[in-house]
1. Going through ALA98, ALA36, ALA104, ALA119 one at a time, which residue ends up being of a type in the set (A, V, I, L, M) and within 21 Å of HIS12 (Cβ to Cβ)?
2. Being crowded, with 21+ Cβ neighbours inside 10 Å, touching a residue at least 60 places away in the same chain (Cβ under 8 Å) and not β-branched (Val, Ile, Thr) is the filter here, so list the residues in region 106-116 that pass it.
3. Which one of these does LEU76 not meet: (1) crowded, with 19+ Cβ neighbours inside 10 Å; (2) assigned to a loop (DSSP other than H, G, I, E, B)?
4. What is the one condition in (1) under 20 Å from PHE110 (Cα atoms); (2) among the polar types (S, T, N, Q); (3) surrounded by fewer than 19 Cβ atoms within 10 Å (Cβ to Cβ) that SER54 does not satisfy?
5. Only residues that are modelled with pLDDT of 95 or more and over 18 Å from PHE113 (Cβ atoms): list them for region 36-53, please.
6. So which of ASN68, ASN120, ASN94 is surrounded by 19 or more Cβ atoms within 10 Å (Cβ to Cβ) and in contact (Cβ under 8 Å) with a residue 24 or more places away in the chain?
Amino acid sequence: MNKNDFLGFVPHRLEVADRPELNNLPFNVLFSSFTARDGVLLMGSALYEPDFSSFERGGEEYSMKYYNKHGGDCWLRVIYNEKKKNWVGEKFVNGKSAWISFGAKWDMFFVHFTMPGLANGERCMFEEIPSKIAG
């Protein structure tokens, strides 16, 4: 692994027994990027968790916001269209849209949504990548 590598993540679906309308929304969403500091490879990651109070249904669309576990003005909106059977995801960092993605298949939508990694100014946690993994 090096600082030019990227990762995409596919989350589990939400499963809430008495809320089947949530089944097409993610349990959480993870973004990550690599960087090097003083010759050490680091991975930064930001985990977004659902805000159930933000759930909205408008016609054939369901949406919910997800907030960055590490704070800041960082959040996502994930929308599922029941009729078209597709998703839209948008990431906001410091009040500005940082990325938007569309997709008709769960796995590929989330790979494309999370693959750009972290945005400038996005709150995250850094972890050192062991040298035997970094290669």
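The values are calculated or read from the model by the stated rules, or taken from the named source; none is laboratory data. As the structure is a computational prediction, the values presented were derived from the model and not from experiment. Neighbour counts are summed over all protein chains in view; Cβ atoms, including those assigned to glycine, are modelled from backbone coordinates with ideal geometry.
1. Details: ALA98 fails: within 21 Å of HIS12 (Cβ to Cβ); ALA36 fails: within 21 Å of HIS12 (Cβ to Cβ); ALA119 fails: within 21 Å of HIS12 (Cβ to Cβ).
Criteria check complete, one pass: ALA104.
2. As a first pass, look at region 106-116 and keep what is crowded, with 21+ Cβ neighbours inside 10 Å: 109-110, 113-114.
With touching a residue at least 60 places away in the same chain (Cβ under 8 Å) added as a condition, the list becomes 110, 113-114.
Hits for region 106-116 are PHE110, PHE113.
3. If we test LEU76 against (1) crowded, with 19+ Cβ neighbours inside 10 Å; (2) assigned to a loop (DSSP other than H, G, I, E, B), just (2) comes out false.
4. The one condition SER54 does not meet is (1).
5. PHE52, SER53
6. Details: ASN120 fails: surrounded by 19 or more Cβ atoms within 10 Å (Cβ to Cβ); ASN94 fails: surrounded by 19 or more Cβ atoms within 10 Å (Cβ to Cβ).
Unique residue meeting the criteria: ASN68.
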